[in-house]
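Worksheet: the structure to be examined is printed underneath.
Read-outs throughout are calculated quantities, based only on the coordinates presented, and are distinct from any laboratory measurement. These numbers were taken from a predicted model, which means no experiment stands behind them. Methodologically, a virtual Cβ is constructed for each residue, glycine included, from the backbone with ideal geometry; neighbour enumeration extends over all protein chains shown.
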Ligand SMILES: NC(=O)c1ccc[n+]([C@@H]2O[C@H](COP(=O)([O-])OP(=O)(O)OC[C@H]3O[C@@H](n4cnc5c(N)ncnc54)[C@H](OP(=O)(O)O)[C@@H]3O)[C@@H](O)[C@H]2O)c1
């Protein structure tokens, strides 16, 4: 593959760190974003190819130009954009606060919109670009206690589908990956939260999440990176929400 300039948000640990490693192993230049510099530098130190740590909070509107500007000064325009930074909150609908609702929309929906909007002009000008959003099965299916997260993830899938329709024919593809429960620190927090709220042990809480994947185990970060890799290589896949969920959602 031609070496490309990539930007991965939320690359300080978990899924984003593994996607960054995969892109680097494929020969690309990889810029890593998250809020914490330590995590970014730890991941960057393990990459086989050129890397750049660009700390910043994706929910800060000013961070968008700062992050893109840092990459452009070093390597030129971003060609592969992976919008992975995100997190979930869990609460019954009636106890979901305005703050939690707004945080879910800011992080999981508005930030991807601003990053996508910033990246697209340079991609269309060059006639080549890849955008991959790490959404969730919660982009396709609602579930108890995640209304704010699911609303934001459903929204980001709408953004992906509309952008892909608008950009088809320009050489730029836009896709979402929709994982089930992945074995990452975020799922560790979910397990701890379930255990605290229900009185179950962490093993029992984790087993309840495992049962949600018909394949009988959590998804691996490498399996999410495989799907990103497919979207980067293919010019024909666009506007998709690719489920990586062990068969839980068939759509
Ligand atoms: N884990 C799952 O089961 C699962 C399932 C489906 C979808 N997903 C999605 O996959 C993505 C990654 O999840 P994960 O499990 O890898 O999460 P994670 O282990 O918690 O890692 C999240 C990453 O995002 C960064 N981040 C968080 N808030 C940020 C912000 N405001 N600005 C910039 N970076 C920020 C974090 O670093 P800092 O804290 O240093 O900023 C970290 O590097 C999320 O969008 C999540 O919704 C996860």
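Between region 72-89 and region 94-134, how far is it from one alpha carbon centroid to the other, in angstrom?
Distance between centres, Cα-based: 10 Å.
Report, in degrees rounded to the nearest 10, the 0 to 90 angle that the Cα long axis of helix 14-25 makes with the longest principal axis of the chain.
That helix lies at roughly 30 degrees to the long axis.
Relative contact order of region 54-146, please, whole-number percent, based on alpha carbon pairs below 8 angstrom and at least 6 residues apart.
Result for region 54-146 is 40 percent.
Quick one: helix 111-126 against the long Cα principal axis of the chain, what's the angle to the nearest 10°, folded into 0 to 90?
Around 30 degrees separate the two axes.
GNM, the chain, Cα, under 10 Å: largest mean-square fluctuation among 114, 130, 95?
Maximum fluctuation in the GNM of the chain, among the listed residues, is at 95.
Listing 140, 153, 197 from the residue with the fewest other Cβ atoms within 10 Å to the one with the most, what is the order?
Taking fewest neighbouring Cβ atoms as first place, the list is 197, 140, 153.
Let me have the 222 nm mean residue ellipticity of the chain computed from DSSP H runs of 4+ only, each contributing -39500 (n - 2.57), with the sum over all residues rounded to the nearest 500. Let's see the in-between values first.
Numbers: 9 runs with 116 residues, N = 251.
Mean residue ellipticity at 222 nm (helix-derived): -14500 deg cm²/dmol.
Which residue, 122, 164, 150, tops the fluctuation ranking in a GNM of the chain built on C-alpha contacts under 10 Å?
Most flexible of the set in this elastic network: 122.
Using the number of other C-beta atoms within 10 angstrom as an exposure proxy, rank 170, 2 with the fewest first.
Final ranking by Cβ density, sparse to dense: 2, 170.
For a quick check: sort 219, 134 by the number of other beta carbons within 10 angstrom, fewest at the front. Walk me through the numbers on the way to the answer.
Values: 219 23, 134 30.
By the 10 Å Cβ count, ascending: 219, 134.
Using only Cα atoms, find the angle between the long axis of helix 185-198 and the longest principal axis of the chain, and express it within 0 to 90 degrees, rounded to the nearest 10.
Between helix and principal axis, roughly 20 degrees.
For residue 251 and residue 141 in one chain, what is 0.36 nm times their gap in residues minus the Cα-Cα distance, to one decimal in nm?
Here the answer is 38.6 nm.
Please report Rg (one decimal) and Dmax (integer) in Å for the Cα set of the chain.
According to the Cα coordinates of the chain, Rg and Dmax are 17.4, 55 Å.
Return the single residue from 183, 57, 98 with maximal mean-square fluctuation; model: Gaussian network over the chain, springs between Cα atoms under 10 Å.
Largest GNM mean-square fluctuation: 98.
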